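The values are calculated or read from the model by the stated rules, or taken from the named source; none is laboratory data. Keep in mind the model is a prediction, meaning the values are calculated, not measured. With ideal geometry, Cβ positions are generated from the backbone for all residues, glycine too; neighbour counts draw on all protein chains shown.
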Amino acid sequence: MTVTYSLNVSKARLCGFAKLLVRWRGSIYKLLYREMMIFCGLYYSLSALYRYVFTENQRTVFEKLTIYCEAFTNLIPLSFVLGFYVSIVVGRWWQQYLAIPWPDKPCMLIAAYVHGSDERGKIIRRTLARYLNLLSVLTFQAVSTSVKKRFPTLDHVQESG
């Protein structure tokens, strides 16, 4: 569920963004608290084992294991992995942008191929352009909440022209 905070951000004063981070509804913490609890539990239990339970020989083996594991962390640089991730995200965003139906190109084709400077040609071109705009409004009405608020029913679309 998407929760909008734009009104709260516009009215934010001192510590306003910190208060928005602490909010539970729609928060990042709501998504991550389980994993964070598991991570902290494992971290503190491993730390307690190392400090209070392990013998000196076991600590040395554990330290060698951590050094061995740390050697493999630099094999694939993080910037390389993040570069692939960002390119995938931007590619998906660009595909969504390209999927938006713009009525500009069909209107240009209509203007080029529907001939006539008389009244009949103008009415045909205008009617086809209005149909394209109606299709766009009906498509966006099913997807966008702001368009749904602007045009809740077909009567509102008809009133606006």
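Observations
- Pairs linking a residue in region 89-118 that is closer than 24 Å to V137 by Cβ to a residue that is surrounded by 10 or more Cβ atoms within 10 Å (Cβ to Cβ) and basic (K, R), with Cβ atoms under 6 Å and 6 or more positions apart or on different chains, are I110/R125; V114/R125.
- Residue check, V86 under 25 Å from the mean Cα position of the chain (by Cα), surrounded by 10 or more Cβ atoms within 10 Å (Cβ to Cβ) and either more than 30 Å from I123 (Cβ to Cβ) or of a type in the set (D, E, K, R) (or both): yes
- Pair list, Cβ under 7 Å, 6 or more apart: region 59-82 residue under 26 Å from S47 (Cα atoms), other residue surrounded by 10 or more Cβ atoms within 10 Å (Cβ to Cβ) and not polar (S, T, N, Q): R59/Y50; F62/Y50; F62/F54
Yes or no, residue by residue, for (1) touching a Ser or Thr at 6+ places or on another chain (Cβ under 6 Å); (2) under 27 Å from T4 (Cβ atoms); (3) surrounded by 10 or more Cβ atoms within 10 Å (Cβ to Cβ):
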residue: D118; (1), (2), (3): no, no, no
residue: G121; (1), (2), (3): no, no, yes
residue: R125; (1), (2), (3): no, no, yes
residue: R130; (1), (2), (3): no, no, yes
residue: S136; (1), (2), (3): no, yes, yes
residue: V143; (1), (2), (3): no, yes, no
residue: V147; (1), (2), (3): no, yes, yes
residue: F151; (1), (2), (3): no, yes, yes
residue: Q158; (1), (2), (3): no, no, yes
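- Residues that are at pLDDT below 90 and exposed (fewer than 11 other Cβ atoms within 10 Å of the Cβ) within region 106-116 comprise just one, H115.
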